[in-house]
Amino acid sequence: MKILLFRYIPLLLVFSATLLGMNFLPSGDKIVHDFSLINTNGKLVSLGDYPDAKGFIIVFTCNHCPFAKLYPPRLNALNAKYSKLGLPLIAISSTDTIIYEEDTYPEMVLKSKREQFNFPYLFDGDQAVAKDFFAQKTPHAFVIWKEHGKWVVKYDGAIDDNGAEPEKVNNQYVAKAADALLAGKTVEIQETKSIGCQIIFRKK
């Protein structure tokens, strides 16, 4: 009986992690799917719209979170640099707009204009894309790379190691992952803890 119990413990842990919305799959093993979400310019955007993309920087963010508010200039800088290299940045808002009215689509449109976003800012109204990525916080960054026709997560976590003081950043996790992939190397730091506001998933 004890042997059978120990045999099923890993399965129970995976099942529990799924219920909690935890990302139990390590980067490099997790495959995410294409999506089609509305951008703040009113047009639908999907990964398939970028046929020449080698990968993407996907950042789950929002309007209301104080920590997320620290990053727009850095997101603009990341997209300005890496989109030219075949690794564009896409931001997605998946927070519950019933709880946070500031995160509604019209408010996203205003923020995109105010912050002069140079990247798509997409509205994940049913939170399906956030669930596919196992996104947990705002901001929560992913670097995905195309392998054998599939989008594989190569980095999962924080954008860098200092949200409050960008001039004191010591480790640019997303940038380092992007640089490694573009150079044909293995990403050294594949996962970190994302810090910010929790994405609250609505119950069906």
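Bear in mind these aren't lab numbers, they're just calculated from the coordinates by the rules spelled out. Model, not experiment: these values are computed from the prediction. Cβ: placed from backbone, ideal geometry, glycine included. Neighbour counts: every protein chain shown.
At a glance:
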{"quantity": "Unsatisfied cross-links (Cα-Cα over 18 Å) in the set LYS81/LYS131; LYS43/LYS131; LYS54/LYS176; LYS43/LYS84; LYS69/LYS131", "calculated": "LYS81/LYS131; LYS43/LYS131; LYS43/LYS84; LYS69/LYS131"}
{"quantity": "Chymotrypsin sites (Phe, Trp or Tyr not before Pro) within the stretch 147-204, DSSP loop, no more than 16 other Cβ atoms inside 10 Å", "calculated": "PHE201"}
{"quantity": "Cα long-axis angle, helix 105-114 against the chain (0 to 90 degrees, to the nearest 10)", "calculated": "50 degrees"}
{"quantity": "The chain: angle of helix 173-182 to the longest principal axis, Cα-based, in degrees nearest 10", "calculated": "90 degrees"}
{"quantity": "Inter-label distance for GLU102 and LYS146, nm, one decimal - labels placed 7 Å from Cα along Cα-to-Cβ", "calculated": "3.7 nm"}
{"quantity": "Total charge dipole magnitude, the chain, about the Cα centre, Cβ charges on Lys, Arg, Asp, Glu only, Debye to nearest 20", "calculated": "340 debye"}
{"quantity": "Helix axis angle, 72-82 relative to the chain longest principal axis, alpha carbon, degrees", "calculated": "80 degrees"}
{"quantity": "Among PRO120, ILE31, ALA164 - extreme Cα towards positive end, dipole of the chain, charges at beta-carbon", "calculated": "ILE31"}
{"quantity": "Expected 222 nm ellipticity per residue - DSSP helices of 4 or more, -39500 (n - 2.57), all of the chain, to 500", "calculated": "-8500 deg cm²/dmol"}
{"quantity": "Summed residue charge, Cβ within 9 Å of ILE199's Cβ, Lys/Arg positive, Asp/Glu negative", "calculated": "0"}
{"quantity": "Sequence-distant residues sharing a close amide H with THR192 (under 5 Å, placed H)", "calculated": "ASP156, GLY157, ALA158"}
{"quantity": "Dipole-positive endmost among ALA53, ALA68, SER83 within the stretch 35-88 (Cβ charges, Cα centre)", "calculated": "ALA68"}
{"quantity": "Residue among ILE159, ILE99, ILE90 with the largest mean-square fluctuation in a Gaussian network model of the chain, springs linking Cα atoms under 10 Å", "calculated": "ILE99"}
